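J.: Pasting a structure below so you can have a look.
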Amino acid sequence: MDKILLTLAVNLVNKAPHEQIKSLLLEIISLKKQDNSLIGNWHPLGFIHANLGHIDGIGTIRLHIWLPNKRKTQNPSFPIHDHVFTVNSHILSGSVTNRIYQIEEDLINSTHKLYTVKYDNNKSILQSLNQKINCQFISEESFTSGQYYSVNSNVFHSSEVNKNQFASTLVLTNNYINGEPKVVGELFLNDIYTYERSLCESVEFLEIIASLEQKLKLSKQLFIN
């Protein structure tokens with residue numbers, strides 16, 4: 001397992017062809033199903049998150065899955081955020097739109113306020129920094145199956161998937177920096193929110209994984225043909 005994870009991580013770093021990434025992922029999924037180590041959690045932004053493993057010196061590999069018409073999104077929803085690491089995403093299926101924002105402290109023309117995010121086991125705790133900001137949309141780009149995109153640390157962004165669409169990505173996180181991630185929230189809402197990351201039921205998650213495997217294998221056959 002460790003050797004395959006290492007190979008997958010190196011392939012993601014080098015932006016290897018889609019077919020290589022899919023083959024390695026399918027092998028990892030098969031092995032994790034055998035030892036019952038495939039676990040999914042609902043992320044506060046609405047998608048399912050599965051940690052596939054950490055590779056020393058390279059980073060952590062995560063699987064993200066958005067289901068059609070089923071998103072368990074935090075309420076209130078604050079989709080604009082930054083990270084304390086670089087996000088390197090490879091689109092496995094569907095389409096993801098990455099939006100970039102410019103954040104500046106602004107007491108006069110404030111549009112939002114900043115929250116910091118702390119983690120306590122399976123909880124995300126959003127705490128206001130009492131910092132009023134102006135948040136402006138800068139750009140967006142959509143990516144489809146087989147493509148890569150990256151978001152550097154401290155860059156504010158949101159990842160959007162059409163609510164009617166199934167989409168999945170492999171994410172390699174690396175180049176960690178000190179600090180805590182931040183979230184852009186509404187000006188006049190509460191100063192603290194706590195979200196519990198609920199477990200995706202095992203039976204349901206395995207059905208979702210089976211659907212993903214079918215999509216990846218089918219697209220591979222179409223590619224070969």
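J.: Among LYS163, LYS22, LYS215, LYS3, which comes first, then next, by fewest other beta-carbon atoms within 10 Å?
T.: Values: LYS163 12, LYS22 23, LYS215 17, LYS3 7.
Taking fewest neighbouring Cβ atoms as first place, the list is LYS3, LYS163, LYS215, LYS22.
J.: Here's something else I'd like to know. Any chance you could list P(r) for the chain, counting all Cα-Cα pairs in 10 angstrom bins from zero, rounded to whole %?
T.: Going from the shortest bin to the longest, the percentages are 7, 31, 37, 18, 6, 1.
J.: Under 5 Å between amide hydrogens, which residues at least 5 positions from GLN165 or on another chain qualify, with H placed 1.01 Å from N in the peptide plane?
T.: ASN69
J.: Using R₀ = 30 Å, calculate the FRET efficiency as 1/(1 + (r/R₀)^6) where r is the Cβ-Cβ separation of LEU187 and SER139; round to 0.05. It would help to have the intermediate numbers written out before the result.
T.: On the way: r = 24 Å, r/R0 = 0.80.
Calculated value: 0.80.
J.: Here's another thing I want to ask about it. Please rank CYS135, CYS200, fewest neighbouring Cβ atoms within 10 Å first, as an exposure proxy.
T.: CYS135, CYS200
J.: Moving to a separate point now. 222 nm [θ] for the chain, helices only, -39500 (n - 2.57) per DSSP H run of 4+, per residue, to 500?
T.: -8000 deg cm²/dmol
J.: Between the helical axis of 202-224 and the dominant principal axis of the chain, each derived from Cα atoms, what acute angle in degrees is found, rounded to the nearest 10?
T.: Relative to the chain, helix 202-224 is tipped by roughly 60 degrees.
J.: On to the next question. Lysines near LYS113 by alpha-carbon distance under 25 Å, same-chain residues fewer than 8 away left out - which ones?
T.: LYS113 reaches LYS72, LYS123, LYS132, LYS182.
J.: Among VAL183, VAL203, which comes first, second and so on when ranked by fewest other beta-carbon atoms within 10 Å?
T.: Going from least to most buried by this count: VAL203, VAL183.
J.: Please give the helix 2-13 orientation as an angle from the longest Cα principal axis of the chain, in degrees from 0 to 90, rounded to the nearest 10.
T.: So the helix axis and the longest Cα principal axis differ by about 60 degrees.
J.: For a quick protection proxy, order the peptides 91-99, 206-214 by their average other-Cβ count within 10 Å, most packed first.
T.: My ranking of the peptides, most packed first, is 91-99, 206-214.
J.: Can you tell me, using C-alpha contacts under 8 Å and at least 6 residues apart, the relative contact order of the chain as a whole percent?
T.: 28 percent
J.: Still on this structure: Determine the dipole magnitude for the chain: charges of +1 sit on the beta-carbon of Lys and Arg, -1 on that of Asp and Glu, nothing else is charged, the reference point is the Cα centre, and the result goes in debye to the nearest 20.
T.: 480 debye
Read the figures in this text as sums done on the coordinates, not as results from a lab. Predicted model, so just to flag it, every value in this text is computed and none were measured. Glycine gets a Cβ as well: all are built from the backbone with ideal geometry, and neighbour counts include every protein chain shown.
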